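**Q** Below you'll find the structure I mean.
The values are calculated or read from the model by the stated rules, or taken from the named source; none is laboratory data. Note that the structure is a prediction, hence the values are computed from the model and not measured. Virtual Cβ from ideal backbone geometry, glycine too; neighbours counted across all protein chains shown. Remember, those area values only see protein heavy atoms, side chains included, never the ligands or the DNA or RNA. Shrake-Rupley method; radii C 1.70, N 1.55, O 1.52, S 1.80 Å.
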Amino acid sequence: MQAKDLLLTRSSMPRVVSPGPSAEQLRLLEQAALRVPDHMSLTPYTCLVYQGAALQQLSKIFTTVSKLEDLTPAEQERAGQLPLRAPCVIVIATQYRAAEKVPQLEQYASAACATMAMQQMAFTLGLGAVWRTGIYAESKHLKAALKISSDNDIVGFLYVGTPAVPTPIKPSKDMQLFRQM
C-alpha cells in the first residue's frame with residue numbers, strides 16, 4: 001500500500017473479527033506509535049494491550065464501570081460486550097511528563113498521533129482498526145480500574161482485528177481547509 005493511498009482513503013474498520021494481530025504485527029504497531037511527533041522525546045503515552053483472556057477481564061471491568069457510572073440498564077447490559085467486539089483492544093492513555101517547553105495539550109496530541117499511527121499501520125498489514133472513545137474514555141472509574149492515574153487521560157480504545165467486510169471508504173469531503181494568506 002502506498003502512503004499516499006493510505007492517507008487519502010483513510011477510513012475506520014468498525015467490524016473486525018479474529019484473528020487479531022500477531023506478536024510481530026503488534027511490534028510494528030508499537031514501532032509506528034514511537035515514530036510520531038514527540039517534542040523532547042517524552043513519549044507521553046502508554047498502550048495497554050488486551051487479547052485472549054485479558055479481553056474477558058476488560059469486559060468485566062466495563063460491566064463494573066457501567067454500574068459505577070450509573071448507566072441505563074440497557075447500557076449496563078451492553079457494557080461487557082464492548083471489549084469483545086475485537087480480538088485485540090489497545091487502550092491508549094497519556095503519561096504526562098513535567099516539561100516546561102511541552103504543555104499537556106501537546107503531549108495529548110502526541111498520544112493521539114500515536115493512536116492514528118497504529119491504526120494506519122494496522123491497515124498496511126491487512127488488518128482493520130477503529131478508534132473508539134465515549135463515556136469509558138472519560139470515566140474516572142475506568143482509569144482507576146486500569147491503574148491510569150487520575151491526572152492522565154484515556155485517549156481512546158483501538159479495536160484491531162481482521163476486517164469482517166471490505167473497509168468502507170468514506171467519500172471525500174468537499175471543503176476548503178486551506179486559505180491562502
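**Q** For labels at ARG85 and THR43 in the simple 7 Å Cα→Cβ model, what's the distance in nm?
**A** About 3.1 nm separates the two model spin labels.
**Q** Further question on the same structure: May I ask which of LYS4/LYS170; LYS101/LYS173; LYS60/LYS140; LYS101/LYS147; LYS67/LYS147; LYS4/LYS173 have a Cα-Cα span longer than 24 Å here?
**A** LYS101/LYS173; LYS101/LYS147
**Q** For the chain, with all protein chains present and a 1.4 Å probe, just round the carbon and sulfur fraction of the accessible area to a whole percent.
**A** Reported share for carbon and sulfur atoms: 55 percent.
**Q** Counting only C-alpha contacts under 8 Å and six or more residues apart, can you give the relative contact order of the stretch 30-181 as a whole percent?
**A** 29 percent
**Q** Full-extension gain between ASP174 and ASP5, please, as 0.36 nm times their residue separation minus the C-alpha to C-alpha distance.
**A** Full extension of this stretch gives 59.0 nm more.
**Q** Which value, in Å², gives the accessible area per residue of the stretch 75-181 when a 1.4 Å probe is used on the protein heavy atoms?
**A** 58 Å²
**Q** Hey, got the Cα dimensions of the chain along the principal axes, in Å, largest first?
**A** 51, 46, 36
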